[in-house]
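Working notes, structure below.
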Amino acid sequence: MDLKEYFPKEEVKNAEKFLVNFYDKLLLDNKINNTNALIIATYMISNKDKKSMVQKSKVKDLFIRFGRKEKEFSKALYEISGKRKTKSGKREAWIEEKGETIGLNFKGLGQIKKLLNSKEKKKNGS
């Protein structure tokens, strides 16, 4: 699995901060919470398919390949879909859902950019 399939070449190095290609698996750092894991999976499938709206099943498959559980996918999807109120009482959606498709909205894309540009570096075995 090549990260170049899922990220523009200028983002690959930053994606390697939290993603590791290990033979047939793509491992996502456990420090990344499930909602961010779902946003990352959505972004990656969108880049691979070259579409803003992608099949929810493809995103779910990638989320699970990250080592996450199916139950966690449903919960994360609920949290970032705007159906749940935040602590401030607002509903904030980071994604857009249409039937069996899913895509990032402006807020979700902004979150991806934050993750990719974070200063935290991958630790080498320690």
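The values are calculated or read from the model by the stated rules, or taken from the named source; none is laboratory data. These numbers come from a predicted model, not from an experiment. Glycine gets a Cβ as well: all are built from the backbone with ideal geometry, and neighbour counts include every protein chain shown.
Anything in the range 7-23 that is polar (S, T, N, Q) and closer than 17 Å to Lys50 by Cβ? List them, or say none.
Initially, the range 7-23 is screened for residues polar (S, T, N, Q), giving 14, 21.
Within the range 7-23, none qualify.
So, in the range 32-77, how many residues would count as being out of contact with any Asp or Glu (no Cβ under 8 Å at 6 or more places or on another chain) and not in a helix (DSSP H, G or I)?
10
For (1) modelled with pLDDT of 95 or more; (2) of a type outside the set (D, E, K, R); (3) touching a Pro at 6+ places or on another chain (Cβ under 8 Å), each residue gets a yes or a no:
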residue	(1), (2), (3)
Phe66	no, yes, no
Glu79	no, no, no
Lys83	no, no, no
Glu100	yes, no, no
Leu116	no, yes, no
Lys121	no, no, no
Ser126	no, yes, no
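Please verify whether Ser57 is more than 22 Å from Lys31 (Cα to Cα), within 14 Å of the chain's Cα centre (by Cα), among the polar types (S, T, N, Q) and modelled with pLDDT of 90 or more, treating the condition exactly as stated.
yes
Would you check if Lys71 is of a type in the set (D, E, K, R) and either surrounded by fewer than 19 Cβ atoms within 10 Å (Cβ to Cβ) or touching a strand residue (DSSP E or B) at 6+ places or on another chain (Cβ under 6 Å) (or both)?
yes
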